[in-house]
């Protein structure tokens, strides 16, 4: 649960902005999306390896 400390004289827009920033930093939405479907560990590992190979090819300029 996110708690926002706001002063009585603080504008509601500023408090909402603080809440949005705190929510984004907590990465709660990313976790929620990740948990929508189960991905097997072997598939997750394969995706990470393919992503690393792609990044390496981009860095060396071998990818067209």
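Is it fair to say residue 13 is loosely packed, with under 10 Cβ neighbours inside 10 Å, more than 19 Å from the chain's Cα centre (by Cα) and either at pLDDT 90 or above or assigned to a helix (DSSP H, G or I) (or both)?
yes
Quick check on residue 5: is it at pLDDT below 90, loosely packed, with under 11 Cβ neighbours inside 10 Å and outside any loop (DSSP other than H, G, I, E, B)?
no
Can you pull out the residues in the range 27-42 that are over 20 Å from the mean Cα position of the chain (by Cα) and surrounded by 10 or more Cβ atoms within 10 Å (Cβ to Cβ)?
None - no residue of the range 27-42 is over 20 Å from the mean Cα position of the chain (by Cα) and surrounded by 10 or more Cβ atoms within 10 Å (Cβ to Cβ), so the list stays empty.
Going by the conditions given, is residue 24 in a loop (DSSP other than H, G, I, E, B) and surrounded by 11 or more Cβ atoms within 10 Å (Cβ to Cβ)?
no
Give the residues of the range 37-49 that are assigned to a loop (DSSP other than H, G, I, E, B) and either modelled with pLDDT of 95 or more or over 30 Å from residue 19 (Cβ atoms) (or both), sorted by residue number.
38, 39, 40
Return the only residue of 52, 59 being part of a helix (DSSP H, G or I), more than 17 Å from the chain's Cα centre (by Cα) and surrounded by 10 or more Cβ atoms within 10 Å (Cβ to Cβ).
Sole residue among the options that is part of a helix (DSSP H, G or I), more than 17 Å from the chain's Cα centre (by Cα) and surrounded by 10 or more Cβ atoms within 10 Å (Cβ to Cβ): 52.
The values are calculated or read from the model by the stated rules, or taken from the named source; none is laboratory data. All values reported here derive from a predicted model rather than from experimental measurement. Cβ: placed from backbone, ideal geometry, glycine included. Neighbour counts: every protein chain shown.
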